[in-house]
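Colleague: To start, I am sharing the structure in question, which I have written as structure tokens.
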Amino acid sequence: MQWFGRRESDNVDDERGGGGGRFAIGGGLLGLIGAAIYFFTGINPSAVLNQVTTNQPRQEQQANNGPEDEGKHFVRVVLADTEDIWTKLFNDMGRSYQKPRLTLFTDYVQSACGNASSATGPFYCPGDSRVYIDLSFYDELKNRLGAGGDFAQAYVIAHEVGHHVQNLLGISQKMDDARSRLSERAYNKLSVKLELQADFYAGVWAHYEQSMKNVLDKGDIEEALNAANAIGDDRLQKQAQGHVEPDSFTHGTSAQRMYWFKKGFETGDINQGDTFSNGDLN
Ligand SMILES: [Zn+2]
């Protein structure tokens, strides 16, 4: 992805170093407030992979301050691209796009949806319309899940912004309403559809990265698809526990996540992202 020197979003808040690591170990999600919160993956990849790689020392966090902070520049450029593209797509629908904000954190963060540790991975909170990410997740994605590359990293942000789009379109509210009247199993099925739609929206975004921005490099789409493959519920569960429990899936299988990202990329048409009614692969 050609990102260096391009426009950076002003909607990124850097709260790194603020958490002090108090909840860094085994934290998971702490103090969750009723409202839904949308993660990038269904189960905590670091918990999964810590089991697999228990003897591996925790990676040193990169120094992340100052002008050398490439990760922050990258995130700001990707977020800026989502702003431009979703503003256009919302305009085409006769609506106005309200940009989300993005918080960079280390170890631990407070959101309107509750407090979370970086062990949960990146997430979106509809309550404050914010994407949250600890950039150390990118190390896990690359080194432990085998999904490296800048466009794999961009896909993570685009997926979370996809949840923001769902929030603006009223889909998150419908999910919250459904949650109170559905069994856990039925809600999980709905959650998969929501997550696959976020992957579809990420694919739509990638479509316009190519057709509108012309910033894709050869191999970028493969990087995103490889990441989608790496984080399927079936794959993560198999790694974690050796078998899969489809009733507990919340994000979809590797095949489903790749399918919907690719469909978004190929069509560039947000009207084709009705994962809730499509029978294929659901
Ligand atoms: Zn998600």
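Colleague: Go through (1) surrounded by fewer than 24 Cβ atoms within 10 Å (Cβ to Cβ); (2) in contact with a Cys (Cβ under 9 Å, 6 or more places away or on another chain) for CYS125 and report which single condition fails.
Modeller: Just one mismatch for CYS125, condition (1).
Colleague: Considering each residue of the range 170-212, count those that are buried (at least 16 other Cβ atoms within 10 Å of the Cβ) and either within 23 Å of MET93 (Cα to Cα) or of a type in the set (S, T, N, Q) (or both), and give that number.
Modeller: So the count comes out to 22.
Colleague: Under 23 Å from TYR124 (Cβ atoms) and of a type outside the set (Gly, Ala, Ser): does that describe ASP220?
Modeller: Considered against the rule, which asks whether it is under 23 Å from TYR124 (Cβ atoms) and of a type outside the set (Gly, Ala, Ser), ASP220 comes out as yes.
Colleague: Restricting to the range 109-129, name every residue that is over 12 Å from the mean Cα position of the chain (by Cα) and not in a loop (DSSP other than H, G, I, E, B).
Modeller: Listed by number, the residues that qualify are VAL109, GLN110, SER111, GLY114, ASN115, ALA116, SER117, SER118, ALA119.
Colleague: Additional query: Out of ASP234, ASP247, I need the residue that is part of a helix (DSSP H, G or I), of a type outside the set (Phe, Trp, Tyr) and in contact (Cβ under 8 Å) with a residue 40 or more places away in the chain. Which one?
Modeller: After applying the criteria, what remains is ASP247.
Colleague: If you go through the range 201-214 one residue at a time, do you hit one that is over 19 Å from the mean Cα position of the chain (by Cα), modelled with pLDDT of 95 or more and part of a helix (DSSP H, G or I)?
Modeller: yes
Colleague: Here's a follow-up. Among (1) under 14 Å from ILE37 (Cβ atoms); (2) within 16 Å of the ligand (Cβ to nearest atom); (3) more than 16 Å from the chain's Cα centre (by Cα), which single condition is ASN167 missing?
Modeller: (3)
Colleague: Got at least one residue in the range 172-182 being more than 12 Å from the ligand (Cβ to nearest atom), under 17 Å from ILE221 (Cα atoms) and touching a residue at least 12 places away in the same chain (Cβ under 8 Å)?
Modeller: Looking for residues that are more than 12 Å from the ligand (Cβ to nearest atom), under 17 Å from ILE221 (Cα atoms) and touching a residue at least 12 places away in the same chain (Cβ under 8 Å), one finds none in the range 172-182, hence no.
Colleague: Let me ask another. Checking the conditions here, which among GLU140, GLU160 is charged (D, E, K, R), within 12 Å of the ligand (Cβ to nearest atom) and not in a loop (DSSP other than H, G, I, E, B)?
Modeller: The unique qualifying residue is GLU160.
Colleague: If you don't mind, another one. Pairs only if they're at least six apart or on different chains, beta carbon under 7 angstrom, first in the range 121-142 and over 27 Å from GLN98 (Cβ atoms), second within 14 Å of the ligand (Cβ to nearest atom); list them, first residue then second.
Modeller: From the range 121-142, the pairs are GLU140/PRO45; LEU141/ALA227.
The values are calculated or read from the model by the stated rules, or taken from the named source; none is laboratory data. Not measured: the values here are computed from a predicted model. Glycine also receives a Cβ, built like all others from the backbone with ideal geometry; neighbour counts cover every protein chain displayed.
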